[in-house]
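The block underneath contains the structure these notes are about, expressed in structure tokens.
The values are calculated or read from the model by the stated rules, or taken from the named source; none is laboratory data. Because the structure is predicted, anything quoted here is derived from the model rather than measured. All Cβ positions, glycine included, derive from the backbone under ideal geometry; neighbour counts span all protein chains shown. Only protein heavy atoms, including side chains, enter the accessible area calculation; ligands, DNA and RNA are left aside. Shrake-Rupley method; radii C 1.70, N 1.55, O 1.52, S 1.80 Å.
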Amino acid sequence: DPRLAVVLIVISLILGWVSWRVVERPFRVPDSVSGTQVAMFSLMGGVLLFAGGVLFAGNDRLTPLVQQTASIGPSTQVVLIGDSHAEHLVSGLMPFFPIELEYSTSAGCVPLRDVDRYDFRFVPGECASFIGMALDSVIAEPQVGVVVLASMGPVYLTGEPFRGTWPERVTGDGLVLTDQPEISDRWTVFELGMRRTFHELRRAGKSVVFIVDVPELGIEPQFCDLSKPETCQNSRVEIDRRIGEYRRLVRDVVKDFANVTLFDPTELFCDESVCHGIRDGQALYRDFDHLSLFGSSLVGDQLGPVILQLLARQ
């Protein structure tokens, strides 16, 4: 992203000047900088580093592993678990669950028991451990009635990014069962992980909502013309080719579990011929496949009532 590159350059230049002013110059010109000034410049550098970290915390391309875990409190009734494609649903759900919703998300992690997913950004075992702790936590809390599971699907199952965008996502990646690493077929790993997870949550008395991944855009929204929706769309044929087998797998597994509700947002983005990246003059995505606030709201307006209905049955 050119904008991120510019910010990085500016921060590096400022930090370089701070380093020269605080470290190099004092050695060359004794007593030119006071102790108070050193402390002030050091604090400035720390603030800039922190700001840079905040700016990039949500960017899968630059951060190795961003984990966000909200503690389950007495008001928590709904917990969202997954990767960054779970995190982008939070803003759309908050109007329905201002205090009832908590979430545990980590970029690149599949919210399924014993399924470890890794790439060059983080070591094998991290995702399985993080997701395992999140599942253990909701199972142990009786006030949690609904568990929402969301993540990317086609990228993990095919090992290929849509249209080749963000290839670093699949650099050195793997999808394995921690207790059966000899299984090399990603689709089998995903299915077994789904079944294990649904069975555990059913046994714990939890209702589950499994979110089919949103259609990938494969286009940087900044290059779209909001006044011309045709500049930011894909053919339905291309999207169906990308997600068809994934959707069939998910549907086949979910039908075996009465405690699991399948939520498929595909039709919110696609009509019979086109899948849209713009609606009502607003971008639905903030990058190649993560939803914008508007896109999240579009999904949340449909997903929120589904979750509320499940809570009412508890």
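What the table below lists for this structure:
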{"read-out": "Test: residue in segment 155-163 that is out of contact with any Phe, Trp or Tyr (no Cβ under 6 Å at 6 or more places or on another chain), among the β-branched types (V, I, T), closer than 24 Å to S104 by Cβ and assigned to a loop (DSSP other than H, G, I, E, B)", "value": "no"}
{"read-out": "Candidate set: segment 48-86, residues that are open to solvent by 40 Å² or more (accessible area, probe 1.4 Å) and modelled with pLDDT of 95 or more; chosen: the one nearest to T197 (Cα to Cα)", "value": "Q77"}
{"read-out": "Tabulated pairs, segment 248-260, first among the β-branched types (V, I, T), second assigned to a helix (DSSP H, G or I) and open to solvent by less than 30 Å² (accessible area, probe 1.4 Å), C-beta under 7 angstrom, 6+ apart or interchain", "value": "V253/M194; V260/F198; V260/V254"}
{"read-out": "Yes/no for L262 being of a type outside the set (D, E) and either in a helix (DSSP H, G or I) or open to solvent by less than 30 Å² (accessible area, probe 1.4 Å) (or both)", "value": "no"}
{"read-out": "Members of segment 212-240 that are surrounded by fewer than 19 Cβ atoms within 10 Å (Cβ to Cβ) and part of a loop (DSSP other than H, G, I, E, B)", "value": "V212, E220, D225, L226, S227, K228"}
{"read-out": "Extreme residue, farthest from S227 (Cα to Cα), among residues of segment 283-314 that are without any contact (Cβ under 8 Å) to a residue 60 or more places away in the chain and more than 21 Å from the chain's Cα centre (by Cα)", "value": "A312"}
{"read-out": "Number of positions in segment 255-264 that are in contact with a Phe, Trp or Tyr (Cβ under 6 Å, 6 or more places away or on another chain) and closer than 16 Å to A150 by Cα", "value": "2"}
{"read-out": "Subset of segment 265-312 [within 19 Å of A150 (Cβ to Cβ), β-branched (V, I, T) and surrounded by fewer than 19 Cβ atoms within 10 Å (Cβ to Cβ)]", "value": "T266, V306"}
{"read-out": "Counted residues, segment 109-131 - those being modelled with pLDDT of 95 or more, open to solvent by less than 10 Å² (accessible area, probe 1.4 Å) and not aliphatic (A, V, I, L, M)", "value": "5"}
{"read-out": "Selection count, segment 196-208, where residues are out of contact with any Phe, Trp or Tyr (no Cβ under 8 Å at 6 or more places or on another chain), in a helix (DSSP H, G or I) and touching a residue at least 12 places away in the same chain (Cβ under 8 Å)", "value": "4"}
{"read-out": "In segment 271-298, the residues that are part of a strand (DSSP E or B) and farther than 19 Å from W166 by Cβ", "value": "V274, H276, I278, R279, Q282"}
{"read-out": "Qualifying residue in segment 166-180 (condition: open to solvent by 30 Å² or more (accessible area, probe 1.4 Å), within 25 Å of N259 (Cβ to Cβ), in a loop (DSSP other than H, G, I, E, B) and not β-branched (V, I, T))", "value": "yes"}
{"read-out": "Candidates D179, D225 - the one that is touching a Ser or Thr at 6+ places or on another chain (Cβ under 9 Å) and at negative phi", "value": "D225"}
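Matching residues to (1) touching a residue at least 12 places away in the same chain (Cβ under 8 Å); (2) not aromatic (F, W, Y); (3) not in a loop (DSSP other than H, G, I, E, B):
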site	(1), (2), (3)
G92	yes, yes, yes
F97	yes, no, no
C109	yes, yes, no
S129	no, yes, yes
D136	no, yes, yes
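Let's see how each residue does on (1) among the polar types (S, T, N, Q); (2) more than 30 Å from H276 (Cβ to Cβ); (3) without any contact (Cβ under 8 Å) to a residue 24 or more places away in the chain; (4) part of a loop (DSSP other than H, G, I, E, B):
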| site | (1), (2), (3), (4) |
| --- | --- |
| S184 | yes, yes, yes, yes |
| V189 | no, yes, no, no |
| F210 | no, no, no, no |
| R242 | no, no, no, no |
